[in-house]
1. Within 10 Å, Cβ to Cβ, of residue 197, how many net charges do the neighbouring residues add up to if Lys/Arg are +1 and Asp/Glu are -1?
2. May I ask what percent, to the nearest 5, of DSSP beta bridges between residues of region 1-155 are antiparallel?
3. If the only charges are +1 at each Lys and Arg Cβ and -1 at each Asp and Glu Cβ, what is the size of the charge dipole of region 233-295 around the Cα centre, to the nearest 20 debye?
4. Mind putting a number on the dipole of the chain about its Cα centre? Charges go on the C-beta only, +1 for Lys and Arg and -1 for Asp and Glu, and I need it in Debye to the nearest 20.
5. For the pair residue 324 and residue 280, how long in nm is the line joining their label points, each one 7 Å along Cα→Cβ?
6. Can you list the residues, at least 5 places off or on another chain, whose amide H is less than 5 Å from the amide H of residue 133, using H built in the peptide plane?
7. Can you give the charge dipole size of region 93-185 about its Cα centre, rounded to the nearest 20 debye, using +1 on the beta carbon of Lys and Arg and -1 on the beta carbon of Asp and Glu?
8. Counting pairs of alpha carbon atoms under 8 Å apart in space and at least six apart in sequence, what relative contact order in percent does the chain give?
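Any read-out appearing in this document is the output of simple, stated calculations on the displayed coordinates, not a laboratory observation. Keep in mind the model is a prediction, meaning the values are calculated, not measured. Methodologically, a virtual Cβ is constructed for each residue, glycine included, from the backbone with ideal geometry; neighbour enumeration extends over all protein chains shown.
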Amino acid sequence: MTHPVPAATPDSRQKRVLVIAYSQTGQLAAIIERLLDPLRADPRIAVHVETLRPQPAFPFPWSIARFFDAFPESAHLEPPALAPLSLTGDEEFDLVILPWQVWFLAPSQPVTAFLKHPVAAKLLHGKPVVSVIACRNMWMLALEKMKKLLADVGAELIDNVALTDRAPTMATLFTAPAWLLTGKRKPIPGLPVAGVSAQDTARSIRFGRALRDALLDDREKLRQPLLCGLAAVEANPRLLVSERAATRSFYLWGKLLRAAGGPGAWQRRPLLLLYVLFLITLILTVVPLSLILQALLRPFLTRRLAALKEVHEQPSGSGTERLHQYDF
Ligand SMILES: Cc1cc2nc3c(=O)[nH]c(=O)nc-3n(C[C@H](O)[C@H](O)[C@H](O)COP(=O)(O)O)c2cc1C
């Protein structure tokens, strides 16, 4: 899987691509494998995959206690340590592909740990970054946090792909946690399979084809989006009300829990139990209420929602005009 690490004085004829890898269920790994197929198949492109290994490792499937215990550090972008990376920071790459998942409306802890690692600051400084998200369906505010983490290391976000579970939000609020807690993708009879569909996973190859052509054409140097017109994202601004409410509560309760103790501390347990009850109430009230209210107010919100959709779909957009070229 890992190809030889490019030297600091690289072969100028080859384009060098760095890919960060972390995936618990294999969902994001499968998407990235499809995306990388066209890049790996081209001898003019060298791909280096850097696998992240948090210490201690996060479990999969999760126990309920470990799962919720991960939210204070996720919300506060305070990740655990990583096992030593294979790169030193002196390597040169033309393009960075950054696949990441959302944990509690923030970039997942392993990916946050990488972005806060001193080696990442050296590797990513001044480099064009293609972000690829695979999550349940709430990624908009996490992307804002990701932008800040990338800006902190001087990287340039040129594209964002977001692949989500296409089942109705209220169904995924049950199927996604059930998947993560049982390890089964269809954990609840009668409800849809959890996660990004097999078809959406297979179709990620279109992004790899477009990136290959762009690299061979030197277009990554322009620091402009390379994945426009490929239906890279589809933002749902109606989820923003819930995202804002939940982000706020994760942050405030996270502060309280972190004051009570570190990850796994028994002092956190009673507070966590209280928080889970609060969160379930929030999910069963704020999410459906805000969706119903917005459906009723739709005629008055149309323009505002369209503007928000466009903002959150930057930089790659939801256009489809190049699909005929790359999605076959
Ligand atoms: C601790 C935890 C918290 C999560 N929180 C969210 C979330 O806030 N929003 C979301 O859309 N998905 C969330 N997910 C789902 C992940 O983004 C991801 O889709 C899933 O964990 C599978 O990823 P992987 O197998 O590639 O690691 C969460 C998953 C975990 C493990």
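1. It works out to a net charge of 0.
2. 20 percent
3. Details: 7 positive and 2 negative charges, 59 e Å.
Using only the charged Cβ atoms, the result is roughly 280 debye.
4. Using Cβ point charges on Lys, Arg, Asp and Glu, the chain gives about 860 debye.
5. Once both label points are built, they end up 5.3 nm from each other.
6. 100, 161, 162, 163
7. Working: 10 positive and 6 negative charges, 57 e Å.
It works out to roughly 280 debye.
8. Working: 563 pairs, mean separation 65.7, N = 328.
Answer for the chain is 20 percent.
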